[in-house]
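The values are calculated or read from the model by the stated rules, or taken from the named source; none is laboratory data. Predicted model, so just to flag it, every value in this text is computed and none were measured. Cβ placement follows ideal geometry from the backbone for every residue including glycine, while neighbour counts extend to all protein chains displayed. Remember, those area values only see protein heavy atoms, side chains included, never the ligands or the DNA or RNA. Shrake-Rupley method; radii C 1.70, N 1.55, O 1.52, S 1.80 Å.
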Amino acid sequence: MHFQEAREGDYTIYVGALDAPRGDGYIAALVVRRAQGGNERQREAFRDESLACGYRWPSADEALRYALTRARELIRSRSGMLAC
């Protein structure tokens, strides 16, 4: 398993490359959390533990890169929806 964390505005992005079941690559996963109010408490805004319908990426770096790109797209295109 490989993990990475990034910030995008008020959001914290956690991405992972998980060993695919039966081996043969990595599955991309992500969690997006948004800061609430003036403190550092965060609320989960989005989670997907099997991005791209469980597609098996050949390397952990490719899975992490895909998950991070997808998280940033979600934040930019659906920021109103994630704020709920």
Label model pair R47, A6: point-to-point distance (7 angstrom along the Cα→beta-carbon line) in nm is 2.1
Whole-percent carbon and sulfur contribution to the accessible surface of segment 1-60 (1.4 Å, no ligands, DNA or RNA) stands at 48
Those trypsin sites (Lys or Arg not before Pro) from segment 1-36 that are DSSP loop and have at most 15 other Cβ neighbours within 10 Å turn out to be R22
